[in-house]
Amino acid sequence: MEPHDTRRVFVAVDLTDDVRHGLAAHLDAALDGDRLPGSTPPPVNWHLTLRFLGKIGQGAYEGLLAQLDQADLGGPFDLQFGGLGAFPRPARATVLWLGTAGGTDELADLAIAVEEAAVRSGAMPEERPFHPHVTLGRIRPPRDVRPLIERVPPFPLSQRVEAITVFESHLGGAPAVYEILERFRLG
Ligand code: 2AM
């Protein structure tokens with residue numbers, strides 16, 4: 001993609017191809033021909049955001065990379081996925097997501113390390129609490145997804161988290177294109 005001065009950036013745990021394929025198959029099996037409500041990002045876009053930076057300039061971007069490079073991100077760990085959930089609440093959902101069931105403490109520690117690196121690079125502190133999730137649907141108008149959440153059993157796969165990824169989000173098309181900019185290994 002073309003060089004530019006500002007980028008819309010987020011830091012995330014990328015899902016493995018096994019998890020993407022497994023999750024798509026798991027949802028298909030549980031839904032038995034039905035579709036998820038709202039708009040579902042394509043599996044290639046599924047990820048678990050640690051920190052959304054928004055639009056940042058070249059200096060801030062380079063500062064972020066330098067801080068992530070120096071950060072103690074902890075070691076690799078196993079991330080276990082869980083069941084579906086929804087924001088702001090299942091009875092009136094606007095975001096449908098897949099949650100985590102194991103490795104959640106390590107993930108929260110990783111999010112803290114990324115947050116500290118972001119703030120050291122000049123970002124405003126994140127006000128919202130970290131709630132690990134993989135967004136599977138954006139729903140407008142809001143819907144009651146409680147029956148759906150009951151219908152889909154917990155997703156049984158896990159993955160080894162060995163790196164974090166800095167993505168650029170290219171909006172404008174549908175779906176958005178998430179370009180991998182950098183990866184930082186854990187441990
Ligand atoms: P979401 O999945 O809960 O929407 C790229 O947009 C990623 O950054 C998404 O995973 C998105 O989370 C996350 N994100 C966090 N805060 C955001 C914000 N204010 N605007 C857009 N995306 C945000």
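Report the residue count in segment 42-84 for those that are more than 21 Å from residue 126 (Cβ to Cβ) and either basic (Lys, Arg) or assigned to a helix (DSSP H, G or I) (or both).
Of the residues in segment 42-84, the ones more than 21 Å from residue 126 (Cβ to Cβ) are 42-46, 58, 75-78, 80-84.
Those left that are additionally either basic (Lys, Arg) or assigned to a helix (DSSP H, G or I) (or both): 43-45, 58.
Of the residues in that region, 4 qualify.
Going through 19, 9 one at a time, which residue ends up being outside any helix (DSSP H, G or I), within 16 Å of the ligand (Cβ to nearest atom) and buried (at least 17 other Cβ atoms within 10 Å of the Cβ)?
On the way: 19 fails: outside any helix (DSSP H, G or I).
Going through 19, 9 in turn, just one is outside any helix (DSSP H, G or I), within 16 Å of the ligand (Cβ to nearest atom) and buried (at least 17 other Cβ atoms within 10 Å of the Cβ): 9.
Say whether the condition of being in a helix (DSSP H, G or I), modelled with pLDDT of 95 or more and either of a type in the set (A, V, I, L, M) or closer than 23 Å to residue 61 by Cα (or both) is met by at least one residue in segment 136-156. Even if it seems obvious, please write down each step before you answer.
Filtering segment 136-156 for residues in a helix (DSSP H, G or I) gives 146-151.
After this cut, where a residue has to be modelled with pLDDT of 95 or more as well, the list is 146-151.
Add one more test, that the residue is either of a type in the set (A, V, I, L, M) or closer than 23 Å to residue 61 by Cα (or both), and what stays is 148-149.
Checking segment 136-156: at least one residue is in a helix (DSSP H, G or I), modelled with pLDDT of 95 or more and either of a type in the set (A, V, I, L, M) or closer than 23 Å to residue 61 by Cα (or both).
Conditions (1) in contact with a helix residue (DSSP H, G or I) (Cβ under 9 Å, 6 or more places away or on another chain); (2) in contact (Cβ under 8 Å) with a residue 60 or more places away in the chain; (3) assigned to a helix (DSSP H, G or I); (4) crowded, with 16+ Cβ neighbours inside 10 Å, marked per residue:
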position	(1), (2), (3), (4)
86	yes, yes, no, yes
91	yes, no, yes, no
114	yes, yes, yes, yes
128	no, no, no, no
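Hey, does segment 166-180 have a residue that's over 30 Å from residue 57 (Cα atoms) and in a strand (DSSP E or B)? Walk me through it before giving the result.
Initially, segment 166-180 is screened for residues over 30 Å from residue 57 (Cα atoms), giving none.
Checked against the condition, which is being over 30 Å from residue 57 (Cα atoms) and in a strand (DSSP E or B), segment 166-180 yields no hits at all.
Would you check which residues across segment 1-22 are aliphatic (A, V, I, L, M) and out of contact with any helix residue (DSSP H, G or I) (no Cβ under 7 Å at 6 or more places or on another chain) and list them? Outline the logic, then answer.
Filtering segment 1-22 for residues aliphatic (A, V, I, L, M) gives 1, 9, 11-13, 15, 19.
Hits for segment 1-22 are 1, 12, 13, 15, 19.
Among the candidates 81, 87, which residue alone is away from the ligand (no atom under 11 Å from the Cβ), of a type in the set (Phe, Trp, Tyr) and out of contact with any Asp or Glu (no Cβ under 7 Å at 6 or more places or on another chain)? Explain how you work it out, then say what you get.
Numbers: 87 fails: away from the ligand (no atom under 11 Å from the Cβ).
None of the others qualify; the one that does is 81.
Tell me which of these residue 148 doesn't satisfy, since it passes every other one: (1) touching a residue at least 60 places away in the same chain (Cβ under 8 Å); (2) under 23 Å from residue 26 (Cβ atoms); (3) within 11 Å of the ligand (Cβ to nearest atom).
Against the list (1) touching a residue at least 60 places away in the same chain (Cβ under 8 Å); (2) under 23 Å from residue 26 (Cβ atoms); (3) within 11 Å of the ligand (Cβ to nearest atom), residue 148 comes up short only on (3).
The values are calculated or read from the model by the stated rules, or taken from the named source; none is laboratory data. Predicted model, so just to flag it, every value in this text is computed and none were measured. Here Cβ is always computed from backbone atoms with ideal geometry, including for glycine, and neighbour counts include all displayed protein chains.
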